[in-house]
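Down below is the structure, laid out as structure tokens.
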Amino acid sequence: MEREAVLVGIDVGTSKVAALIGEVSRDGPLTIIGHGTVPASGLKKGVVVNIDQTVRSIADAVERAERLSGWKIDRAFVGVGGQHVESLNSTGQVAVTAHHREVTRHDIDRAIEVARAVSIPSNRDVLHVERRGFTVDGQEGVKDPLGMSALRLEVETHIVSASATAVQNLTKCVAAAGVKIDELVVDSLASAEAVLSDTEKELGVAVADLGAGTIDLALFADGSPFHTGVLPVGGNNVTNDVAIGLKTSLPVAEELKVKHGTCDVASIRDDEQISVSMLGEDVGRTVSRTEVCRIIEARMRETFELLRAEMNRAGRGMLPAGIILTGGAAQLAGTAELGRTVLEMPVRVATPSGVGGLSETIMTPAYSTSIGLLRWGASVVAAGEPTRYESAPALGGLGRLRDALRSIFP
């Protein structure tokens, strides 16, 4: 099995920073060879609010991944989150200029440039221009027009932009941790890479990554995204409500939520009791589990209503494949059942799949974004120039010499 490239994905989230190192082979699956996860500090709702703390979190996660894999991380695909992420759809139209009237790569690039030329405020950076589909002389639904005979070419694109300052602060933190950025990828599109199948994208599907501070949402139809957005709510909101309702600390509320919490209040027996330590009191008290889960259910119901409003605002149309939930907060018991009730559509909780190597501990919904970043990188390598994604092995000179020889004599 010949190795194609070693890729790194860094997910800088509200509650954790995860760095994954993956190996891409010519014909095999993605193999995880190292991972490091540390609690995040310095971020609020997916946005950097303290540079020094964020740099330390990223550097710690990177160091753990390096120690486990024996590789030195020098560049990575990095996820971007936060409510400042927005999207719009734009079309571009050009006349085919070649004398034989065949669509060339140059014509496609020109059409995309025209589509990109929409008025985006100067305080925003364009992160993605995703091709949704082409129209060739009125014939819609063309996926790849290269080489087709045509007089006029039209492309529909999905443009994702983010706040320039938020992006710069994140870039600064990653650079200060000693890592160059291969590409910034919006979290929702990265998560979609990890949990969606091509069939679901063609049919029409939504993916919602329920994180600690935000929900990253992407809507797909005909194989490509048509709406990307971020909601400023997440698992922390549920924890806060439990802490306030029971007058206890946030760590205790989080433990209660994870151990005893469910969105399905009907499944709980009336006599179930939980002991809780109270703020300012030496002795704890017992509370009814039903009381705890009513608080959780109310907040999660409100969260799903916000999701439904955002999807309706995007003009969701038909999404036959429903909505796929992933992310750490999607692991709460009863989430899918409550989602089906509120959204009135198919709902399932998804875990990343099709990844080998050191994957036992990370094959959970909480790692969808970081695994998706590696998959995004793998598709970039498959499409183009792989050599620039080779990292340097930590084994020093011998490893680097071997890789240098391989690049000269493939």
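The values are calculated or read from the model by the stated rules, or taken from the named source; none is laboratory data. Remember, predicted model here, so these are calculated numbers, not experimental data. We place every Cβ from the backbone using ideal geometry, glycine too, and count neighbours over all the protein chains shown. Heavy atoms of the whole protein, side chains included, go into the accessibility calculation; ligands, DNA and RNA do not. Shrake-Rupley method; radii C 1.70, N 1.55, O 1.52, S 1.80 Å.
Things to note:
- Choice from Gly229, Gly138, Gly328 showing the highest fluctuation, given a GNM over the chain with Cα pairs closer than 10 Å: Gly138
- Accessible area per residue for region 299-340, computed on protein heavy atoms with a 1.4 Å probe, is 42 Å².
- For Glu102, solvent-accessible area (1.4 Å; no DNA, RNA or ligand), Å²: 80
- Whether the chain is rounded, prolate or oblate, judged on the alpha carbon gyration tensor where a/c under 1.5 counts as rounded: oblate
- Cα gyration tensor shape for region 1-155, rounded if a/c is under 1.5, else prolate or oblate: oblate
- Extension gain from Asp144 to Ser119, taking 0.36 nm per residue of separation minus the Cα-Cα distance: 6.3 nm
- Residue order for Met318, Met278 - accessible surface, 1.4 angstrom probe, largest first: Met318, Met278
- Among the trypsin sites (Lys or Arg not before Pro) within region 114-159, those in coil by DSSP and having at most 13 neighbouring Cβ atoms inside 10 Å are Lys143.
- Per-residue ellipticity at 222 nm computed for the chain from its helices equals -11000 deg cm²/dmol, with DSSP H segments shorter than 4 residues left out and the rest contributing -39,500 (n - 2.57).
- Accessible surface, region 108-203, averaged per residue in Å² (probe 1.4 Å): 47
- Fraction of accessible area attributable to carbon and sulfur, region 52-164 (%, probe 1.4 Å): 43
- Oblate is the label for region 174-275. Its Cα gyration tensor axes, ordered a ≥ b ≥ c, give a/c of at least 1.5 and b/c at or above a/b.
- Overall, the accessible surface of region 217-278 at a probe of 1.4 angstrom is composed of carbon and sulfur to the extent of 53 percent.
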